[in-house]
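What follows is a single structure, written as structure tokens, with notes after it.
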Amino acid sequence: MRVIGLMSGTSYDAIEAAAADITLEGDVLVMRPLGRISTQYPEALRGAIAAALPPSATSTEAVCTLDTGIGQAFADAAVRAQAELCDGRADLVVSHGQTMHHWVLDGVVRGTLQLGQPAWIAEATGLPVVSDLRSRDVAAGGQGAPLVGLTDTLLLRGLPGVPAALNLGGIANITVVAPGTDPVAFDTGPANALLDAAVRHFTSGAAAYDESGRGAAAGTVSPALLGRLLDEPYYALPAPKSTGKELFHLPYLLAALADVPTPDPNDVLATLTRLTAVTVAGACRDRGVTQLAVSGGGAHNPVMMRMIAGELPGVRLLSSDDLGVPSDAKEALAFAVLGFLTVHGLPGTLPSATGARHASLLGSITPGRGPLRLPAPAAVAPRTLRVATPGAPGDGPAAAPSTC
């Protein structure tokens with residue numbers, strides 16, 4: 001089956017579209033990535049997203065407008081992916097949408113809201129769309145995040161030592177697959193969320209992020225500010241746990257700066273970068289991680305990567321590219337996998353990773369232009385993921401079009 005995955009993370013900087021041929025061969029999921037495209041949100045839409053995110057107040061009119069605007073933007077990305085990555089032969093689109101609110105109360109996720117009306121994607125592409133993948137896990141008592149835990153586990157299973165996968169988006173999340181124990185996945189805390197908020201604040205919106213970590217590299221870590229930030233109770237919560245910009249936003253940072261004045265903006269950026277490194281490293285040390293595969297926007301920040309490496313001497317750091325999964329496409333491909341599992345009648349969650357009562361089939365399906373014809377339910381759930389190169393010898397033929 002040829003699947004397009006669509007993703008926009010908590011940094012809401014772009015829509016990532018990735019495509020892959022995916023087949024299930026016994027208990028091995030075989031994925032052949034076909035490429036990735038990145039589409040910027042229109043500036044007005046990006047501003048509207050920012051204006052509606054917590055802790056800002058919003059209205060049902062704004063939510064409705066965003067649901068349509070984000071859906072149309074995702075539809076445009078899917079049309080491009082269908083033409084540029086799939087030669088017009090995609091079978092399924094899987095849309096994560098844009099997270100606008102992740103409702104956590106006393107460590108329990110009560111609800112989660114991703115906008116981006118899938119009807120616009122189905123109408124533009126003619127393809128069935130799997131969307132709203134997080135809500136079912138929440139209804140089953142799970143965190144609804146990080147949903148990449150299952151794909152990470154399939155990819156890491158069988159690697160030596162204690163392998164882990166780390167994604168550095170707005171929020172950092174980690175999946176640890178230790179031998180002899182159930183996999184664990186959770187959000188470690190902010191990766192770029194506070195950094196991006198600080199840069200926008202200090203530059204009055206002229207810059208959106210600390211490009212290549214230059215600001216942090218020019219600054220000095222403030223031990224006092226770092227200590228104040230590390231007092232956050234979230235870090236002491238047991239996994240599974242999840243968080244988002246409902247907690248880690250600009251007013252949160254400004255409150256810390258009011259307690260610990262730090263006049264030099266670059267010192268603030270250096271301290272926030274160290275915060276990410278310290279919280280990621282703590283999660284790794286607690287679980288005996290021996291190798292860490294990194295993906296996401298933060299993987300392009302050399303200062304952040306050096307700080308993480310410095311906090312984890314003896315741990316092998318590599319890119320998810322080294323495991324065959326392009327770093328910038330990893331989350332979009334992970335959601336493509338989850339949609340593939342859904343239409344084949346297979347659960348897309350691990351209770352040990354999200355804290356749910358049981359594994360669940362994820363998402364809702366919006367039919368395409370034709371009748372909805374799902375594949376026959378798969379007899380066996382995958383245990384491992386093999387990433388193959390399209391057309392490589394011994395990989396077999398590309399997946400045939402499905403009946404979706």
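The values are calculated or read from the model by the stated rules, or taken from the named source; none is laboratory data. What you are looking at is a predicted structure, and each value in this text was computed from that prediction instead of being measured. All Cβ positions, even for glycine, are placed from backbone atoms using ideal geometry, and neighbour counts span all protein chains on display. Quick note on the areas: whole protein, heavy atoms, side chains included, nothing else; ligands and nucleic acids left out. Shrake-Rupley method; radii C 1.70, N 1.55, O 1.52, S 1.80 Å.
Kindly evaluate residue 210 against the criterion of being among the acidic types (Asp, Glu) and in contact with a Leu (Cβ under 6 Å, 6 or more places away or on another chain).
On the way: among the acidic types (Asp, Glu): yes; in contact with a Leu (Cβ under 6 Å, 6 or more places away or on another chain): yes.
Here the answer is yes, as residue 210 does meet what is asked.
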Could you tell me which of the residues 66, 127, 45, 53 is under 16 Å from residue 5 (Cα atoms) and buried (at least 17 other Cβ atoms within 10 Å of the Cβ)? 127
Kindly indicate which of 23, 58, 99 is free of Cβ contacts under 8 Å to residues at least 24 places away in the same chain and either farther than 18 Å from residue 129 by Cα or open to solvent by less than 50 Å² (accessible area, probe 1.4 Å) (or both). 58
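Do we have residue 257 as open to solvent by less than 60 Å² (accessible area, probe 1.4 Å) and over 17 Å from residue 175 (Cα atoms) here? Show your work before the answer.
On the way: open to solvent by less than 60 Å² (accessible area, probe 1.4 Å): yes; over 17 Å from residue 175 (Cα atoms): yes.
Criteria met by residue 257.
Suppose the filter is crowded, with 21+ Cβ neighbours inside 10 Å and under 25 Å from residue 249 (Cα atoms); does residue 40 pass it?
no
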What number of residues within the stretch 137-158 are farther than 20 Å from residue 32 by Cα and surrounded by fewer than 24 Cβ atoms within 10 Å (Cβ to Cβ)? 4
Considering only the stretch 152-161, I want to know if a residue exists there that is closer than 19 Å to residue 386 by Cα and of a type in the set (S, T, N, Q). yes
Of the numbered conditions (1) open to solvent by 20 Å² or more (accessible area, probe 1.4 Å); (2) at pLDDT 95 or above; (3) within 17 Å of residue 169 (Cα to Cα), residue 35 fails exactly one; give the number of that condition. (3)
Taking the residues in the stretch 309-321 that are touching a strand residue (DSSP E or B) at 6+ places or on another chain (Cβ under 7 Å) and assigned to a helix (DSSP H, G or I) as candidates, determine which candidate is surrounded by the most Cβ atoms within 10 Å (Cβ to Cβ). 320
Which one of 295, 242 is closer than 22 Å to residue 108 by Cα, buried (at least 23 other Cβ atoms within 10 Å of the Cβ) and modelled with pLDDT of 95 or more? 242
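Kindly establish whether residue 389 is of a type in the set (S, T, N, Q), touching a residue at least 12 places away in the same chain (Cβ under 8 Å) and either touching a Lys or Arg at 6+ places or on another chain (Cβ under 8 Å) or on the phi > 0 side of the Ramachandran plot (or both).
Answer is yes for this residue.
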Can you tell me how many residues within the stretch 349-384 are part of a loop (DSSP other than H, G, I, E, B) and buried (at least 18 other Cβ atoms within 10 Å of the Cβ)? 10
Could you list, in sequence order, the residues of the stretch 187-213 that are within 25 Å of the chain's Cα centre (by Cα) and free of Cβ contacts under 8 Å to residues at least 12 places away in the same chain? 205, 207, 211
Looking only at the stretch 204-221, decide whether some residue is out of contact with any Asp or Glu (no Cβ under 9 Å at 6 or more places or on another chain), surrounded by 15 or more Cβ atoms within 10 Å (Cβ to Cβ) and under 30 Å from residue 349 (Cα atoms). no
